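Report on the following structure.
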Amino acid sequence: MFRQARWNEPLLKELSEEESEIETFKLRGFPENMMRDKLNIPNLPEPRVVRHFIRLSQMNFGVDLGTYPLGSCTMKYNPKVCERIVLNQKLRMVHPLQPQETCQGILQILYELSSYLVEITGTSRASLVPAAGAHGEFAGALMIRAAIKERGETKTRNEMIIPDSAHGTNPASAAMAGFKVVKLPSNKDGLVDVEALKGVVGKNTAGIMLTVPNTLGLFEKNIVEIVKIVKEVGGYTYYDGANLNALLGKVRPGDMGFDIVHLNLHKTFATPHGGGGPGAGPVCASKGMEEYLPVPLIEYDGSRYFLEYDRPKSIGLVRGFYGNISVLVKAYAYIRMLGAEGLRKASERAVLNSNYLFSLLDKRFYETPYGANLPKKHEFVVSVGKVLREKDVTARDIAKALLDYGVHAPTTYFPLIVQEALMIEPTETEDFEEVEEYARILNEIAYRAYENPEWVKEAPYNTSVGRVDEAKASHPRTMCLSWRNLEKV
Ligand SMILES: Cc1ncc(COP(=O)(O)O)c(C=O)c1O
């Protein structure tokens, strides 16, 4: 079993018996009363400082260390070459306020990226501005609101239909854009209940926000019918494309009849996801909805690239400047590197890995409450089996025990419609040996927990920080997570 070093790492200040006084330099224009002439820093030999920081780095887990199948987050390995490209000196020196004639290169990259995203989604135009998936959703919901306003139906069309398995950001974005959220139940297979949909649509329907594949990792079978039902009552169709890494080169939201699509470039292409960013959530629109896209759009007039702001029906600016450029450039590099065929293969591999891992799980311990017999897409959701639940073993226990084996836990307790949920997304970048090893570990933990539930209750045993009290950890008084506070938690 992999054992992570368990360092009880002191602060540098505590490691050092004496301090060195160093002179600081003066910053012009900095308020005098905030300046310090001298600074005391710990006096330690270089190796001790280096080891200190390396030990600290070992207290963390990252995808460069091991499998990280956090469902819904796509924590895949990201090619380092994308980081190298974005660190290019010329790109780093571009300033958002410099004259457009002097930064044609980056504008060309953004223009081409927009056209790739339009091609990939089967839509008509894209705005690269939103800074995250949720931000793209919010922009999309505002576009729907703008279109409804133009029809003069703001007062009546105020309901956004969202399936109960949706990512929590969907209802939040719809509510922030001023809509009343109508929750749509899933059927026994975990898909949209079409009969229930027919029961809630009507003159108040602003639209539907659909995640495909959904958060159970299942492809919505009745998409064409769902889109038709909503459009027949005059509503708009929104496609949450955060999970597009399951479908690249296979199907396109625009072809399925969706009006608006957002993408999570940080999940589908390059840039590690998680930890709050940075991300990019471009929003793409089909014909008829383009004019509402947030500005600026990137245009080309045959001789030069430019930022287009003059769009009277646009929802306007949704953030400063033109988008999260480093994430956009990494996605551009990734798309160019893989090409159409490579992107399709990446999706096929994501789906294959997910189905392979699912097939290796011991179904006595990991049950599938929804769509057990349906093929999985890039992720799947299992529930901790009844035989384990009877012994009081929870999804949290399994997740904590995984950390002792040198791999990361999957997402737990999401989607909310699954009891004791483990949401597993191996991603396209794990090879078969890693997938097999992860399944072996999950099965071993389940078996050990079945034999000895007390063992799993205390896990993890080998990480630097053990089990924290999650209620206390998020209490405002302990939220100040300094190194010292962790011990108290
Ligand atoms: C299906 C789905 N929608 C929306 C989001 C929100 O994206 P972000 O975290 O970039 O705001 C995610 C994030 O993982 C997601 O998986």
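The values are calculated or read from the model by the stated rules, or taken from the named source; none is laboratory data. The structure presented is a predicted model; accordingly, all values stated were derived computationally and were not measured. Reconstructed Cβ throughout: ideal geometry from the backbone, glycine too, with neighbour counts over all protein chains shown.
Some values worked out for this structure:
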quantity	calculated
Test: residue in the stretch 183-194 that is out of contact with any Asp or Glu (no Cβ under 8 Å at 6 or more places or on another chain), modelled with pLDDT of 95 or more, closer than 23 Å to residue 414 by Cβ and of a type in the set (D, E, K, R)	yes
Verdict on residue 464 being of a type in the set (Gly, Ala, Ser) and at pLDDT below 80	no
Condition check for residue 136: of a type outside the set (A, V, I, L, M), farther than 30 Å from residue 402 by Cβ, in contact with a Pro (Cβ under 6 Å, 6 or more places away or on another chain) and within 15 Å of the ligand (Cβ to nearest atom)	yes
Test result for residue 115, more than 17 Å from residue 322 (Cα to Cα), small (Gly, Ala, Ser) and at pLDDT 95 or above	no
Residue, nearest to the ligand (Cβ to nearest atom), within the stretch 31-80, restricted to residues that are more than 30 Å from residue 349 (Cβ to Cβ) and acidic (Asp, Glu)	46
The stretch 187-216, subset within 15 Å of the ligand (Cβ to nearest atom) and of a type in the set (Ser, Thr, Tyr), residue nearest to residue 259 (Cα to Cα)	211
Scope the stretch 132-169; condition of a type in the set (D, E, K, R) and either out of contact with any strand residue (DSSP E or B) (no Cβ under 8 Å at 6 or more places or on another chain) or surrounded by 18 or more Cβ atoms within 10 Å (Cβ to Cβ) (or both); matching residues	137, 145, 149, 150, 151, 153, 155, 157, 159
Checking residue 108 against (1) closer than 27 Å to residue 9 by Cβ; (2) surrounded by fewer than 17 Cβ atoms within 10 Å (Cβ to Cβ); (3) not aliphatic (A, V, I, L, M), the condition it does not meet	(1)
Options 442, 388, 402, 352: the member that is at pLDDT 95 or above, farther than 30 Å from residue 469 by Cβ and in a helix (DSSP H, G or I)	352
Elements of type strands (runs of 3 or more DSSP E) contained in the stretch 129-235, each with 3 or more residues being out of contact with any Phe, Trp or Tyr (no Cβ under 7 Å at 6 or more places or on another chain) and without any contact (Cβ under 8 Å) to a residue 24 or more places away in the chain	180-184
Subset of the stretch 262-293 (residues that are away from the ligand (no atom under 16 Å from the Cβ) and assigned to a loop (DSSP other than H, G, I, E, B))	286, 287, 288, 289, 293
Subset of the stretch 118-128 (residues that are part of a loop (DSSP other than H, G, I, E, B) and either outside the structural domain of residue 183 (by TED's automatic domain parsing) or surrounded by fewer than 17 Cβ atoms within 10 Å (Cβ to Cβ) (or both))	124
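A quick yes/no check of all residues on (1) within 30 Å of residue 332 (Cα to Cα); (2) part of a helix (DSSP H, G or I):
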| site | (1), (2) |
| --- | --- |
| 27 | no, no |
| 39 | no, no |
| 61 | yes, no |
| 75 | yes, no |
| 91 | yes, yes |
| 101 | yes, yes |
